[in-house]
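J.: The structure's right below; bear with me while I get my questions together.
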Amino acid sequence: MGYYFNMYTHGFVRVAACIPGVKVSDPSFNAERTIEQVREAFDRKAVLALFPELGLSGYSNEDLFFQDALLDGVLSGLKRLLDATCTLDIAVVAGAPLKILGELFNCAIVFHKGRILGAAVKSYLPNYREFYELRQFRAASDLTVDSIELLGQRVPIGADLIFRMENMPGFSLFLELCEDVWVPVPPSCYAAMAGATVIGNLSASNITVGKDEYRHELVANQSARCICGYIYTAAGPGESTTDLAWDGHALVYENGQLLAESERFTWQPQVITADIDLDRLLQDRARMTSFAANRRAHREKTALREIAVPVGVPQGRILLEREIPRFPYVPSDPRVREKRCYEVYHIQVQGLAKRMQASGVKNLVIGVSGGLDSTHALIVCARTMDTLGLPRSNIKAYTLPGFATSEKTYANAVRLMRVLGVEAGEIDIRPACEMMLKEISHPFADGQPVYDVTFENVQAGQRTSLLFRIANRAGGLVVGTGDLSELALGWCTYGVGDHMSHYAVNASVPKTLIQYILRWIAAEDIMGGEASRCLEDILATEISPELIPGTVGEQPGQRTEGVIGPYELQDFNTYYISRYGFRPSKIAFLSWHAWRDKTLGRWPDVPQEKRNSYELAAIKEWLGVFIRRFFKLSQYKRSCIPNGPKVGSGGSLSPRGDYRAPSDGEETPWLADWDKIPDVKGE
């Protein structure tokens, strides 16, 4: 169990960006502060500690770098640092000036348990505005050797070193120093193409107004461009303020996503840690064919030297420090959420409007059940008509009550059609269904309450058949209402059922996102006050196919989530299976981190007593259901889904878009890995 509950088991690595207090030209003091922070990073289960540029000497020494006493002090401080950390199983990167063949170089020295593994050299030296580094230092291109003698050890040196962590597959580190990332083509570009998955940047970077924002943009963009983790540390308290000031800014990004950031302008030393997901980086690189093509185009610049780093994997129970969003399709930041809702909604509208223009039709046909999906699809239809300058009465919306239609959903369907101003119709499907059941000799026709899959699908097929024939008469398009969550789980009636339409506007929108878009539409009063109130009532209704009669009054008699699992869990599984191809054991680990704490909100407006949490045993159970349905039972339905717009980078399951798979594959490898998830409760 302890092994399972260890983040390193699941492809994560913890890294530390350190900002110690420094004294300019006092290597002994600086070495002691560095030792303290290495120990802290080690105690926090990090396997890499990265320090600022020229941290052993201080960055702002200017011409003092030419003083032999200072350079001797740096070597003594480095020796002290090696000796004091030789029992700590952690890789350390410290900045120091080194004199090589009579010239000074700005270096990042990598060591582990007393052994110096290499020295990376700064490639691009700023010599403009407040910077005069060329006065003291030489660039990496001026090196005439590829190794040096340093404290009695033979050490590789240069700007072409990649440090591969032997015991952590996929963890390869490349180092650049400050200005290296500010140039048009940073060295890390070639290093990433050569296999580096994590970039460390030892920086001094004084602060001026607005520079912190630019650092964010720079590091975020470089981590996304290189599909890597990026660790950035800048000089902090103690550097000379003769002409400059320093804010001690540290950042850790992963493929464009901020994982951790230091507090700026504090006099307190800081160690920030972040858990980088190596699997995520490797999965994205494997999918992005242009990444490999770019590597081939620059093969002459990606022949870097590789150095093995024997850091051991920390043992025991080590949980993630990073936040795992419960709803990966729904941003947690309110401003980003609003923008996401706006964009998804308008992508759907744009897709449907283009399809109407291309086909020349003026009418849309849709079945309205009073449930989430048809509600959202109907609102998209209404906005599409507004966009095209057509009357909403061109939407032929029908409620099609059957044997299990509840009073609540029926009332909401009728109400919604009325407030949106569409042409509303109603057809009771029960007589036609009874006739078909009789013709196929189903027991229900003889008065027996047999509610099997045939009974259910006769109703689903009848509804779809009616909508297509209505579309024939109206010269319109049937708008599909099924969503991404249902496609992932195969929760749709194939062919002549709700699986089919002329255009499926919801096909790449998961259920959890549809819920939130409807909340956003209601909150923003986009469709009017009465429509907003109707949406709130629909959101509070139990999700159900309404195909089997029940005895629960106004609410539907069937509970979809009681059969296929909570959509909030299954959308989580869909995202990490389809977007990243993660192992089930890792997905369960992530899901447990996201869902074990009930204090985390389901939605911002849901009171705490109604928020959900799940133990690992429940997560495993529903993940097993997902695996069987996704890999074994449902692909044939996804192989021939109607056209529909892709809305997000989280992916779609269209065979013409993000996902292609055999319809008769096996789920065996996923179930084998799923079986590794511990059967525990109360975690």
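The values are calculated or read from the model by the stated rules, or taken from the named source; none is laboratory data. On a predicted model such as this, the values are computed, not experimentally measured, just so you know. Using ideal geometry, Cβ is built from the backbone for each residue, glycine included, and neighbour counts are taken over all protein chains shown.
J.: Considering (1) surrounded by 20 or more Cβ atoms within 10 Å (Cβ to Cβ); (2) part of a helix (DSSP H, G or I); (3) not β-branched (Val, Ile, Thr), say which one Tyr329 fails and leave the rest.
T.: Among (1) surrounded by 20 or more Cβ atoms within 10 Å (Cβ to Cβ); (2) part of a helix (DSSP H, G or I); (3) not β-branched (Val, Ile, Thr), Tyr329 violates only (2).
J.: In addition: Does Ile227 qualify as being surrounded by fewer than 24 Cβ atoms within 10 Å (Cβ to Cβ), in a loop (DSSP other than H, G, I, E, B) and touching a helix residue (DSSP H, G or I) at 6+ places or on another chain (Cβ under 6 Å)?
T.: For Ile227, the condition - surrounded by fewer than 24 Cβ atoms within 10 Å (Cβ to Cβ), in a loop (DSSP other than H, G, I, E, B) and touching a helix residue (DSSP H, G or I) at 6+ places or on another chain (Cβ under 6 Å) - is met.
J.: Please work out which one of (1) hydrophobic (A, V, I, L, M, F, W, C); (2) over 30 Å from Gly581 (Cβ atoms); (3) buried (at least 21 other Cβ atoms within 10 Å of the Cβ) is the condition Val47 fails and give its number.
T.: (2)
J.: Considering only segment 507-566, how many residues are farther than 24 Å from Glu621 by Cα, out of contact with any helix residue (DSSP H, G or I) (no Cβ under 7 Å at 6 or more places or on another chain) and assigned to a helix (DSSP H, G or I)?
T.: Total satisfying the criteria: 3.
J.: Mind listing just one residue for me: the one in segment 295-312 that is modelled with pLDDT of 95 or more and surrounded by fewer than 16 Cβ atoms within 10 Å (Cβ to Cβ) and, of those, nearest to Trp595 (Cα to Cα)?
T.: Applying the filter and picking the extreme gives Gly312.
J.: Just one of Ser501, Ser441 is out of contact with any strand residue (DSSP E or B) (no Cβ under 8 Å at 6 or more places or on another chain) and either modelled with pLDDT of 95 or more or assigned to a loop (DSSP other than H, G, I, E, B) (or both); which is it?
T.: One residue alone meets the criteria, Ser441.
J.: Name the residue, out of Gly114, Gly102, that is farther than 23 Å from Ser203 by Cα, in the same structural domain as Arg135 (by TED's automatic domain parsing) and free of Cβ contacts under 8 Å to residues at least 24 places away in the same chain.
T.: Step by step, each of Gly114, Gly102 is checked, and only Gly102 is farther than 23 Å from Ser203 by Cα, in the same structural domain as Arg135 (by TED's automatic domain parsing) and free of Cβ contacts under 8 Å to residues at least 24 places away in the same chain.
J.: Sort through Arg129, Arg80 and tell me the only one that's modelled with pLDDT of 95 or more, farther than 22 Å from Gly158 by Cα and basic (Lys, Arg).
T.: Arg80
J.: Find all pairs meeting these conditions: Cβ atoms under 6 angstrom apart; at least six residues apart or on different chains; first residue within segment 450-462 and buried (at least 16 other Cβ atoms within 10 Å of the Cβ); second residue of a type in the set (D, E, K, R).
T.: So the pair list comes out as Ala460/Asp498.
J.: Right, something else. Exactly one of these conditions fails for Leu282: (1) within 26 Å of the chain's Cα centre (by Cα); (2) surrounded by 14 or more Cβ atoms within 10 Å (Cβ to Cβ); (3) within 30 Å of Asn643 (Cα to Cα). Give me its number.
T.: It fails just one condition, (3).
J.: Let me ask something additional. What strands (runs of 3 or more DSSP E) lie completely within segment 88-195 and have 3 or more residues being buried (at least 20 other Cβ atoms within 10 Å of the Cβ) and of a type in the set (Val, Ile, Thr)?
T.: none
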